[in-house]
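The structure appears below as structure tokens.
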Amino acid sequence: MLSFSKSYHYLKSCICFLLIFVWHNQYAQTDLFFDAQRLCNEKKFDEALPIIEKIIIHPETKNDPASWHIRSFAYIQTFKQSLLSATDKIYLLDTAMYSALRSMKLDTAKAYIENNNSFIKNGASSYYKLSIILLQDSLNSVKSEQYYLNYKKYTSIFDPSFDFKQKDINYFNTTGSTFEDLYMRNNFNQKYGDIAKYALLKVLDIDSQNISANINLGILYYNQGATLMRMMDYDVDLAQLDVIQENAKKLFKQSLPFMIKVYQLDPKAEKALESLQGIYSALLDDEKANEFKQKKEALNKK
Amino acid sequence: MAFSSLSFQQQQSFDPAAKVKAAFLYNFTKYFEWPDKMKSGNFIIQIIGTNTNLNQELNKMASSKQVGNQKLEIKTSTSIDASTQPHIIFLLSESSDMLKEINSKYKGKGSLVVTEKNGLAKAGSAINFVVMDNKQKFEYNKNNAVKAGLKTGDGLNSLAIVID
């Protein structure tokens, strides 16, 4: 059994140790923050990140906008160091954006508002670039659209009044023409044709008079009909031949309104005249096909 | 933003109407029996008139298909070729006024005469292509086929617009 004096001494030592521990721990967190800051300044982001991860979970610093701000900075810089096309590193960008938003939320004094906005702007731009890069990779069209939506989400944060109409038109027109080309180059793979159609119809939802989307949709439907005919064996029995003709006819007819729209918007568009000649010819309407052939020839004479 | 202009041009070199006619012509060979003397040598399809796309399509077909043991041979001309005894004579629209002459020259000799102008199945061709509801159909006059020296059953009746 301990004597009173021994017990008192023991208790005093414990309290003293506890105070030192608390003080040191608090000091240590501040210390960690400065360490992280120093490493970031030295561009040693790999070393900074594990320290930052400790800072953002510590009770003393987890609600400090500075902690999330430095985290956003470090992640966005690490993301920039990786290849933009390395989509497996996208979590770095996602984390940077999440951290910037968290910092903004905690930053009631608006001390970091300018930098956080800059991070968000930077990240939005990276999402946009990624969405375009991924369009070239036919397997990632869904991800591409997801990143494009991220671009819009973050752009709305730093510029709430931004009008996305033209950007949407450009993005979905690019998607449409990219997949239409893939459709052609991959033996008329229906999957690519459907993605192109989806994107081009989105453009027309925004702007029904968009010439590029109308002409590409007209071509797409025509090509799908022509593909049915192209793939048909000469040996096909006559009953089946009638079914194929019927299905192709439906697709040729679907292509017509888009191409007529282009012609109405620009009666001198040679592409529309040539396409209408082709579509009417496929519909075995020689009179109409000839009408557009003559219009095209008259245009070329001028 | 560029249009997919190339795409349409690539497909435009393919003529759906020509492909359908080629498939029809190939199918007709299954429904008729030609005289014995025409069962050897090449199976000749004679086109009278000019249709570049059809000509290309038929030659493509000839490179991959044959009729029984006979190789397909496509001949084109703008007038009757007296030196040839074709199995099928396809008289294009522009050459329709030659139908009477062809019928008198080839009557009973075993040439299936195919045309593509309204009313010609009544005027002497065995088969006449017509367009109905934006689709290629054909009229069939069995009497004219028999007069041409071909044996045939009634198999085509259910698939054609029958002309008596």
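Since every read-out is calculated from the coordinates, none of them should be taken as a lab result. Quick caveat, the model's predicted, so the values are computed rather than measured. Because the Cβ atoms are built from the backbone with ideal geometry, glycine has one as well, and the counts that use them run over all protein chains shown.
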Computed Rg/Rh of the stretch B:2-130, alpha carbon atoms with Kirkwood Rh: 1.01
Sorted by Cβ density within 10 Å, fewest first, the residues A:Ile70, B:Ile161, A:Ile219: B:Ile161, A:Ile70, A:Ile219
What share of the DSSP beta bridges in the protein assembly as shown is antiparallel, in percent to the nearest 5? 35
Test of understanding: ordering A:Glu297, A:Glu274, B:Glu94 by Cβ neighbours within 10 Å, fewest first, what list do you get? A:Glu297, B:Glu94, A:Glu274
Placing +1 on each Lys and Arg Cβ and -1 on each Asp and Glu Cβ in the stretch A:163-302, then taking the dipole about the Cα centre, the residue among A:Ser275, A:Ile206, A:Ile195 whose Cα reaches farthest towards the positive end is A:Ile206
Please report the antiparallel percentage of DSSP beta bridges with both residues in the stretch B:59-135, rounded to the nearest 5. 35
What are the semi-axes of the equivalent ellipsoid for the stretch A:185-302, taken as the square roots of 5 times the Cα gyration tensor eigenvalues, largest first, in whole Å? 25, 20, 11
So if I take the centroid of the Cα atoms in the stretch B:50-105 and the same for the stretch A:174-244, what is the distance between those two points in Å? 34
Charge dipole (the protein assembly as shown, unit charges on Cβ, about Cα centre) - positive-most of A:Leu49, A:Thr61, A:Ala298: A:Ala298
Using the C-alpha gyration tensor of the stretch A:94-154, what are the square roots of 5 times its eigenvalues, in whole angstrom, with the largest one first? 28, 9, 7
Going out from 0 in 10 Å bins, what whole percent of all Cα-Cα distances in chain A drops into each bin? 6, 19, 20, 15, 13, 10, 8, 4, 2, 2, 1, 0
Two-decimal Rg/Rh of the stretch A:16-160 from alpha-carbon positions, Kirkwood Rh? 1.06
Dividing the alpha-carbon Rg of the stretch A:150-221 by 2.2 N^0.38 Å yields what? 1.23
Tell me, what are the semi-axes, in whole angstrom and largest first, of the equivalent ellipsoid of the stretch A:55-113 as set by the roots of 5 times the Cα gyration tensor eigenvalues? 24, 11, 8
Taking the radius of gyration and the Kirkwood hydrodynamic radius from Cα positions alone, what is the Rg/Rh ratio for the stretch B:21-78, to two decimal places? 0.95
